[in-house]
Amino acid sequence: MYQKGVKHLCDKGLNKLPLKYILPDSERPAAPYQSANLDVLGTIELPVIDFAELFGPNRHHVLLSLTKACEQYGFFQLTNHGISSDVISSMRDVSSQFFELPYEERAKYMSSNMHATVRYGTSFNQNKDNVFCWRDFLKLTCNPNDLQQLLSRWPSSPVGFKDSASTYVEETRALFLGLVEAIVESLGGVEKEEEMEELLKEFEDGSQLMVVNCYPQCPEPELTLGMPPHSDYGFLTLLLQDQVEGLQIHHQQQWVTVQPLPNSFVVNIGDHLEIFSNGRYKSVLHRVVVNAKKLRISVATLHSLSFDSTIKPWPKLVNEDNPRRYKDTDFGIFLEYITSREPKRKNFLESRKIIY
Ligand code: OGA
Ligand code: NI
């Protein structure tokens with residue numbers, strides 16, 4: 001029955017956390033991470049990158065801030081991103097409305113197939129998790145080249161879902177392309193304009209996955225998590241969180257809560273960018289804590305190269321002094337990995353490292 005998700009469970013009425021969601025002591029939100037002495041839970045103000053400034057006369061300066069944010073945090077908040085508040089609020093509205101639909105309506109999109117274009121589900125990896133997470137989600141594949149065809153399979157209710165979500169997808173993709181160009185530039189090594197153009201073309205035809213997450217109010221939030229510690233697989237994730245806190249990142253041996261900043265996106269580095277940058281920009285562990293008072297919704301778009309491409313360190317960044325640190329990796333290898341075991345922390349990326 002837990003496969004039906006936490007929203008369903010809550011709608012039936014609940015004042016105690018079912019056993020299925022109770023984490024062992026060492027994995028609970030307040031548990032020390034690795035070293036008992038270092039861990040204090042605090043909040044963090046992430047570096048802020050002004051997207052509009054990145055495309056103005058100050059580009060050089062903003063690129064330096066971007067480099068620093070990528071190296072020191074792996075996370076930043078993006079302001080002045082140019083996506084209108086209408087587009088964002090309609091995306092928020094249809095997301096909330098989707099989770100308010102009757103269970104039977106949401107359940108139409110349930111699938112245990114990891115390749116499904118539309119997948120409604122619960123927990124982190126519901127086929128593998130021993131303890132379940134306090135989270136339901138809707139995942140939509142939205143690769144640009146077949147978006148029109150994919151759209152026909154997206155949820156037809158709530159009214160306006162397809163319109164709002166497809167606009168949001170297109171606008172976040174454009175934002176990603178601007179960001180990834182800046183990030184590649186910040187890594188250095190681009191000598192000719194054609195090199196950048198070629199690379200950007202690959203990203204334009206790349207993959208995009210949208211995940212709408214729903215974390216209902218939880219009767220005993222200190223015993224469970226909305227999402228366990230994980231890193232994201234792609235190049236970059238653009239996260240739209242609401243004003244309810246919940247996202248925590250692992251920074252300097254501590255779990256710190258990211259303070260929501262109005263009108264911004266939280267952007268983080270994924271495993272593929274860590275590989276591409278040959279380890280210079282690292283993906284960062286993050287998790288989600290839940291709360292007893294307010295339901296929280298977030299929308300993550302995960303961007304990478306196309307599903308049939310091979311991810312490897314960018315040859316420009318590899319030389320005798322800086323040997324290649326990661327093996328070639330493709331989506332097949334990734335999917336095989338995550339479907340065959342309980343996903344944990346950054347284990348997948350660890351398995352792709354070259355040990356000299
Ligand atoms: C994710 C994620 C964080 C959040 O979807 O991968 O980390 O706050 N989401 O929902
Ligand atoms: Ni994530």
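How high is the relative contact order of segment 2-351? Use alpha-carbon pairs under 8 Å, at least six apart in sequence, and give a whole percent.
22 percent
What lysines does Lys294 reach when the alpha-carbon gap must be under 24 Å and sequence neighbours fewer than 8 apart in one chain are set aside?
Lys4, Lys7, Lys12, Lys16, Lys20, Lys139
All other residues with a Cβ under 11 Å from the Cβ of Val180 taken together, and with Lys, Arg as +1 and Asp, Glu as -1, what is their net charge?
Details: positive: Arg173; negative: Glu181, Glu185, Glu202, Glu204.
Charge balance in the 11 Å sphere: -3.
For segment 1-139, compute Rg over Rh where Rg is the Cα radius of gyration and Rh is the Kirkwood radius from the inverse mean 1/r over Cα pairs.
On the Cα set of segment 1-139, Rg over Rh gives 1.06.
How many percent of the accessible area of segment 1-101 is carbon or sulfur, using a 1.4 Å probe?
51 percent
Where in the chain is the longest stretch that carries no GluC sites (Glu not before Pro) classed as loop by DSSP and with at most 14 other Cβ atoms within 10 Å?
With GluC sites (Glu not before Pro) excluded where exposed in loops, the chain gives 46-190 as its longest stretch.
How big, on average over all directions, is the shadow cast by the Cα convex hull of the chain, in nm²?
On the way: hull surface 71.6 nm².
With every direction weighted equally, the projected area is 17.9 nm².
Under 16 Å Cα to Cα from Lys282, which aspartates and glutamates show up? Leave out anything in the same chain fewer than 8 places away.
Reachable aspartates and glutamates: Glu71, Asp232, Asp271, Glu274, Glu350.
How much of the DSSP beta bridge set in segment 2-351 is antiparallel, as a percent to the nearest 5?
Working: 45 of 53 bridges.
Approximately 85 percent, going by the DSSP bridge assignments.
The values are calculated or read from the model by the stated rules, or taken from the named source; none is laboratory data. These numbers come from a predicted model, not from an experiment. Please note: Cβ atoms are built from the backbone with ideal geometry, for glycine as well, and neighbour counts cover all protein chains shown. Heavy atoms of the whole protein, side chains included, go into the accessibility calculation; ligands, DNA and RNA do not. Shrake-Rupley method; radii C 1.70, N 1.55, O 1.52, S 1.80 Å.
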